[in-house]
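Peer 1: Before anything else, here's the structure in question.
The values are calculated or read from the model by the stated rules, or taken from the named source; none is laboratory data. Because the structure is predicted, anything quoted here is derived from the model rather than measured. Here Cβ is always computed from backbone atoms with ideal geometry, including for glycine, and neighbour counts include all displayed protein chains.
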Amino acid sequence: MKDLVRQKLSIHVDVMDLLNKQIEKEAHSSSAYLAMASWCDHNALSYSADFFYEQAAEEREHMMKIFRYITDNGGTAFSPEVGGVNHDFKSLEEIFETALDQEIAITKSIHNLVGKCRKVNDYTTEYFLHWFIQEQMEEEQTMRRALELFDLMGTDGLGLKLLDERIPQIRDKRPE
Amino acid sequence: MKVLHQSQFFISYQCDKQRCFFIEFPHKTIKLGFCQLLAFRQQVKEIDLEAHFNGQNNHGMEMLMLCNRQHFFVFNTLECIDLKEFVTGTFAMLELNSLLATSV
């Protein structure tokens, strides 16, 4: 009997399911960052707002990268539904903490996907996911740098405003 | 055509010549391409069996449209339970076939 599945699909079916779940997570992440951007805008933290708008766009790009990967390889990608996005935050610090937790959850999910790829010998997808592993490492570092600013500068008086102005620089790498 | 998997109500087949699949339902047999088989699998996966037993799905029916809305099916609870087992079994057989093809 011919291996019709392999003729039509380069990805393992179970891995395709996990990739579709990852699409949902990236979409949720993008929406969560938009909610954070909105909160920042309302609280006159415009640099942080811009940072989160950019993050939201980046997460959507990640989502599309996975979406295209599935369809390009013969699979079926499903457009995700997004619900349960939190819009209530106590402070900017809480937002960055939530953002870091979110990135850690995404990292775990990607690692889980790589683990599955190894289990079912889907080396193509494992190779594809290497870019995401690197990306997640950088995302986590960025969020940690933001939280370090809170420890260094505090948020009393002008502190919060000055901290907001430093936010665009957290994407830059530290001086070597 | 070769039988892939048979459950209480349904049978799946693979046709090498036409490079497609067939599913035999109690009252008709339909032809599916691989993408359509994947879409069918997704629809079956999304059936919430719990809703049939906790009162959320009062009528105990599920409606599925397959192959770009060419076919319309209504399944009762028993058929839905069987359908889930059937899809899992069919894909397990396909995977087994892939493993055999790789090892030869």
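Peer 1: Looking at the stretch B:23-33, is at least one residue surrounded by 15 or more Cβ atoms within 10 Å (Cβ to Cβ) and over 12 Å from the mean Cα position of the chain (by Cα)?
Peer 2: Within the stretch B:23-33, one or more residues are surrounded by 15 or more Cβ atoms within 10 Å (Cβ to Cβ) and over 12 Å from the mean Cα position of the chain (by Cα).
Peer 1: What number goes with the only condition from (1) assigned to a helix (DSSP H, G or I); (2) within 16 Å of the chain's Cα centre (by Cα); (3) under 30 Å from B:Gln43 (Cβ atoms) that A:Val85 does not pass?
Peer 2: Only one criterion in (1) assigned to a helix (DSSP H, G or I); (2) within 16 Å of the chain's Cα centre (by Cα); (3) under 30 Å from B:Gln43 (Cβ atoms) is unmet by A:Val85, namely (1).
Peer 1: Working only within the stretch A:37-48, note down all residues that are more than 18 Å from A:Glu103 (Cα to Cα) and of a type outside the set (S, T, N, Q).
Peer 2: If the condition is that a residue be more than 18 Å from A:Glu103 (Cα to Cα) and of a type outside the set (S, T, N, Q), then A:Trp39, A:Cys40, A:Asp41, A:His42, A:Ala44, A:Leu45, A:Tyr47 are the ones that fit.
Peer 1: Checking B:Lys84 against (1) under 24 Å from A:Glu81 (Cα atoms); (2) surrounded by 13 or more Cβ atoms within 10 Å (Cβ to Cβ); (3) within 13 Å of chain A (Cβ to nearest Cβ), which test does it fail?
Peer 2: In the conditions (1) under 24 Å from A:Glu81 (Cα atoms); (2) surrounded by 13 or more Cβ atoms within 10 Å (Cβ to Cβ); (3) within 13 Å of chain A (Cβ to nearest Cβ), B:Lys84 misses (3) alone.
Peer 1: In this structure, does B:Phe91 turn out to be closer than 26 Å to A:Phe78 by Cα and of a type in the set (Phe, Trp, Tyr)?
Peer 2: yes
Peer 1: Among the residues that make up the stretch A:107-116, is at least one of them over 30 Å from B:Leu37 (Cα atoms) and part of a helix (DSSP H, G or I)?
Peer 2: yes
Peer 1: Can you name the condition, by its number, that B:Val74 falls short on among (1) modelled with pLDDT of 95 or more; (2) closer than 19 Å to B:His5 by Cα?
Peer 2: (2)
Peer 1: Let me ask you something else. With (1) surrounded by fewer than 20 Cβ atoms within 10 Å (Cβ to Cβ); (2) in contact (Cβ under 8 Å) with a residue 12 or more places away in the chain; (3) at negative phi as the list, and A:Asp72 as the residue in question, which single condition is left unmet?
Peer 2: (2)
Peer 1: Next up: Does B:Thr90 qualify as being buried (at least 17 other Cβ atoms within 10 Å of the Cβ) and within 14 Å of chain A (Cβ to nearest Cβ)?
Peer 2: Here the answer is yes, as B:Thr90 does meet what is asked.
Peer 1: Specify the residue that is surrounded by the most Cβ atoms within 10 Å (Cβ to Cβ); the eligible residues are those in the stretch A:4-36 that are within 19 Å of the chain's Cα centre (by Cα) and polar (S, T, N, Q).
Peer 2: Per the criteria, the residue is A:Ser29.
Peer 1: Being touching a Lys or Arg at 6+ places or on another chain (Cβ under 8 Å) and farther than 18 Å from B:Phe25 by Cβ is the filter here, so list the residues in the stretch B:59-101 that pass it.
Peer 2: Listed by number, the residues that qualify are B:Ser98, B:Ala101.
Rundown of residues vs (1) away from chain A (no Cβ under 13 Å); (2) hydrophobic (A, V, I, L, M, F, W, C), yes/no style:
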| site | (1), (2) |
| --- | --- |
| B:Gln8 | yes, no |
| B:Ile11 | yes, yes |
| B:Phe21 | no, yes |
| B:Cys35 | no, yes |
| B:Gln43 | no, no |
| B:His52 | yes, no |
| B:Gln70 | yes, no |
| B:Val74 | yes, yes |
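Listed here are the residues, each with its yes/no results for (1) modelled with pLDDT of 95 or more; (2) surrounded by 18 or more Cβ atoms within 10 Å (Cβ to Cβ).
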position: A:Arg68; (1), (2): yes, no
position: A:Gly84; (1), (2): no, no
position: A:Ile95; (1), (2): yes, yes
position: A:Ala99; (1), (2): yes, yes
position: A:Ala105; (1), (2): yes, no
position: A:Thr125; (1), (2): yes, yes
position: A:Leu163; (1), (2): no, yes
position: A:Ile167; (1), (2): no, yes
position: A:Pro175; (1), (2): no, no
